[in-house]
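Contents: one structure, followed by commentary.
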Amino acid sequence: MTVVEERPAPPAAPPPRRPNRLWALLRNSWRQLTSMRTALVLLFLLAVAAIPGSIFPQRAVDSQRVTEYYAAHPKLAPVLERLGGFEVYASPWFASIYLLLFTSLIGCVIPRLLDHIRALRLAPPDAPKRFDRLPQSAPSVESAMTPAEAAAMLRKRRFRVKLREHEDGSVTVSAEKGHLKETGNLIFHFALLAVLIGVGFGHWYGWHGNRILVAGADQGFCNSLAQYDDSTLGPRVDAADLPNFCLTLDKFEASYQPDTGQPKGFEATVGVSENDGPVKTREFTVNDPLRLHHANVHLIGHGYAVTVRFTDRYGASQTKTVPFLPVDGMFTSEGVAQFPDVNIDPKTDRRDPALQMGFEGRYLPTVGTGATSTYPAENAPALFLTAYRGDLGLDVGTPGSVYSLDQGQIETGDLKNVSGERPHELKLGETWTLDDGTKLEFLGTRPYATLAIRYDPTQSLILVGAVLGLIGLMLSLGGHRRRVWFRALPASPDSSGGTLLAAGGLPRTDYPGFADEFAALVKAAEEGNP
Amino acid sequence: MAELSNQLMAVTVLAYLAAMVLYAGEYAFGAKSRIGRAAVLPARELVGAGAPVPDDQPPSPVAVVPNSGRAEWVGRAAVGFNLLALLLHLGTLVTRGIAADRMPWGNMYEYILSATFVGSAVWAGVLLRRPALRHIGLFVSLALVLLLGADGMIAYTPVGPLVPALQSYWFIIHVSTIILASGILLIGAVPAAMFLIRDGYDRGKRRFPYTLGKSLPDATLLERLTFRLHAFAFPLFTFGALIAGPIWAEASWGRYWNWDPKEVWAFISWVVYAGYLHARATPSVKRTVATWIALLGFATMLMNLFGVNLFFSGLHSYANAGGM
Ligand code: HEM
């Protein structure tokens, strides 16, 4: 229940002398748009429009799953794509709803702000003639207080008070309290606006990237676009704007429950150099990111990188450390080691594209009887690989996954399996000699950390806005506007030395406790309790 | 300990069920004797917008009048069983917490267990302060039985430690406030539905379910309780889901808002409940319409508790029902 009235369509305004249809239409549309009913409808639409984003995979959340969706629903996916189904929260229709809602909000709160400022400066209105029509009234109270004292008493209780002397000799005290409710409501709605604007700016001026960082000084990473596995810059961010820092993963520790293998804790130790300064050692973990100047480094995953050495037909060897991606909680990991520049005849110095090598398969930190790992830590590591010889298809320039071989090359037969159906098992330190005498050695593994590096310039501001909004909301929901009046009756035969007061009270918002408060005020006046 | 917790859980459901049966018994016994009295009740209709009725009036005569002694005793037994069930419910949570050696909020099963406990405790508080509302106990316990039953059957997860992503004090703040808020919002749906039934009954509807309205508390009382519960829970929910959640998400995933399905549905619930508060504050929108919006909010909460865990996968690591 409230008195904050809706702004309804105007009661048939007198016909203007020069009827301007367009103007009238605009004005009416604006009134419609800023009405509470419209706000309600738009709120609903917003809720409904958010639903598809939870049903269909979202590119911004997990682009991998979008790809899977394409594979599973080849007909539906392109249609959804056109409708923005994979980017619901960036789609024009979602934006149009919230922009309309916020336009409505602006149109609604600005006039209310002005009204409220006016109301704050206005003295509480004079007492109505009859109190008995009010929800609360006390017809006549033998009071130990003069009206001025009653006014002081009310002021002490944080009412805004106005004392009026009337020509007929009566004196009224008007008191009002609870403007904080509307203040809170306005703070809340303005905070919503501030948060939306903050989100917009964050989108424009923020950036983020993901990167797998393998342990070891030789695997360091410096903050530039080329070094990310994938990255997104806000529309107003230039690659040159990225802050300058370098990271090396010095140590990565993970601990697990002994029996179930559930993760217990992670700890990454990195060497950081900012702006070419000295290298400092810092530690961070899940939930506790590494906060650098204008960049936050979050630990979002980890895994094992496998180091293998390939020795080719001419005796030349190459060592590679390649991250394998975990496919289950026990860190069964899949990956590929590709050697495009091998088997180069030292006499001709020519590379034979039919003699490139690729090894694809799984790494199991703890090998059991099956094809998957049985524990996430490296208790009995083993590598299961299939060897491929031929054209890896890396030269064409189409960016493929670095975690699997180009399936197209295998289908066309340009890349052939040369090790048989079953993958070959390699224990740590073992060497595998292939049919042509070339060798693959499993030298070891190193941990890697999956890092999400982000900068969002407005997130602290948004937090401030949200907290302010919450305070406003609580003021708004907890506050009550009410008015109380006292009237000193002029003809009181002042025999007892007291004043005869009549009192009335009007709660202006739904306020169940008002009867008690009113009774307490009347009692205070009666007893002269300041 | 985990075993004990599971057994206590079953006993809890049985106790709520017993309370429900007894409430229903009182309902059936008491209904007849009350029809005549209803005519005597002073009409406490709202006079219109801007003229609220004092609320702290004596409890509605409906329940206080010592009606047929048998019904009264059955009703008291119902309350007794209800409070017993609440204690058992607490026991289930505590043993679960001891078994897991942490707060019992680590997965959906425990989350729903906690949220229903909050709802039940709030209901007990309402019951003690306003005995007049006892007559909706049937529906409160029904809701609790259904929610707990669904929790046990759909979302049961064996005791396990927290995954590292959940080891953060923001986890405690975020989850505890959301549990509090959703418990209150869940229980708030009961008076909301009862208001709609009672209001329909008052306006002469005699079809099922409006026939149930006959012995329900006064419509304005129900409506106001609905509003109070929602108005109290909404800021809590705002804090838990829209402030503490994002703070934690920022530390954990790097982004304060990720639009993963849990977040999407929390956002939807929030928007719908904001719609309820708006509708209730707008004089030209009927109270029944506003209350329907509150029930819609309840549906979105259920979706978030059960649906999202069953149908979608997301970043929320504890959002997987039934085993990890
Ligand atoms: C962006 C979407 C909006 C959200 C999330 C929102 C949320 C809320 C909430 C939660 C309340 C309850 C606080 C209270 O009852 O005091 C409220 C109250 C209110 N809102 Fe909004 N609001 C939105 C947009 C709007 C718009 C567009 C209008 C104007 C048409 C508006 C006008 C009002 C008014 C007048 C109240 C006060 C109701 C009262 O007197 O209690 N709001 N809003």
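See the values below:
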read-out: Region A:380-429 versus region A:264-288: alpha-carbon centroid distance in Å; value: 35
read-out: Part-to-part distance (alpha-carbon centres) for region A:90-126 and region B:108-159, which is given in Å; value: 39
read-out: Selected from A:His166, A:Ala151, A:Phe131, residue furthest toward positive end of dipole (region A:112-178; charges at beta carbon); value: A:Ala151
read-out: Longest site-free stretch - chain A; sites: chymotrypsin sites (Phe, Trp or Tyr not before Pro), DSSP loop, at most 16 other Cβ within 10 Å; value: A:1-313
read-out: Reachable aspartates and glutamates from B:Lys214, criterion Cα separation under 15 angstrom, eight or more residues apart if same chain; value: B:Glu26, B:Asp199, B:Asp202
read-out: Under the span-like rule (Cα at least 15 Å along the axis, Kyte-Doolittle mean at least 1.6), DSSP H helices of chain A; value: A:36-50, A:459-478
read-out: Qualifying lysines (Cα of each under 27 Å from Cα of A:Lys177; at least 8 residues distant if same chain); value: A:Lys129, A:Lys156, A:Lys162, A:Lys523
read-out: Residue list for region B:153-188, given a label point 7 angstrom along the Cα-to-Cβ vector of A:Arg291 and an amide N cut-off under 19 Å; value: B:167-174
read-out: Whole-Hz ³J(HN,Hα) from phi, Karplus 6.51 cos²θ - 1.76 cosθ + 1.60, for region B:104-114, glycine and proline x; value: x, 10, x, 8, 4, 4, 5, 4, 5, 4, 6
read-out: Dipole in debye (nearest 20) - region B:217-269, about Cα centre, beta carbon charges: Lys, Arg +1; Asp, Glu -1; value: 60
read-out: Region A:314-471: relative contact order in percent, alpha carbon pairs under 8 Å with at least 6 residues between; value: 17
read-out: For A:Lys264, residues with placed amide H under 5 Å, excluding near neighbours; value: A:Ser255, A:Tyr256, A:Gln257
read-out: Inter-part distance where region A:133-163 and region B:208-225 are each reduced to a Cα centre, Å; value: 39
read-out: Over chain A, relative contact order from alpha-carbon pairs under 8 Å, at least 6 apart, %; value: 19
read-out: Region A:38-140: trypsin sites (Lys or Arg not before Pro) in DSSP loop, at most 14 other beta carbons within 10 Å; value: A:Lys75, A:Lys129, A:Arg130, A:Arg133
read-out: MRE, 222 nm, helices only [DSSP H, n ≥ 4, -39500 (n - 2.57), over chain A, to nearest 500]; value: -9500 deg cm²/dmol
read-out: Cross-link table A:Lys347/A:Lys416; A:Lys264/A:Lys427; A:Lys75/A:Lys320; A:Lys264/A:Lys320; A:Lys264/B:Lys262; A:Lys280/A:Lys427, entries beyond 32 Å C-alpha to C-alpha; value: A:Lys75/A:Lys320; A:Lys280/A:Lys427
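Rule-based calculations on the coordinates, nothing more; no lab input. Please read all numbers here as calculations on a predicted model, not as lab measurements. Don't worry about glycine lacking a Cβ; one is built from the backbone with ideal geometry, like all the others, and counts go over all protein chains shown.
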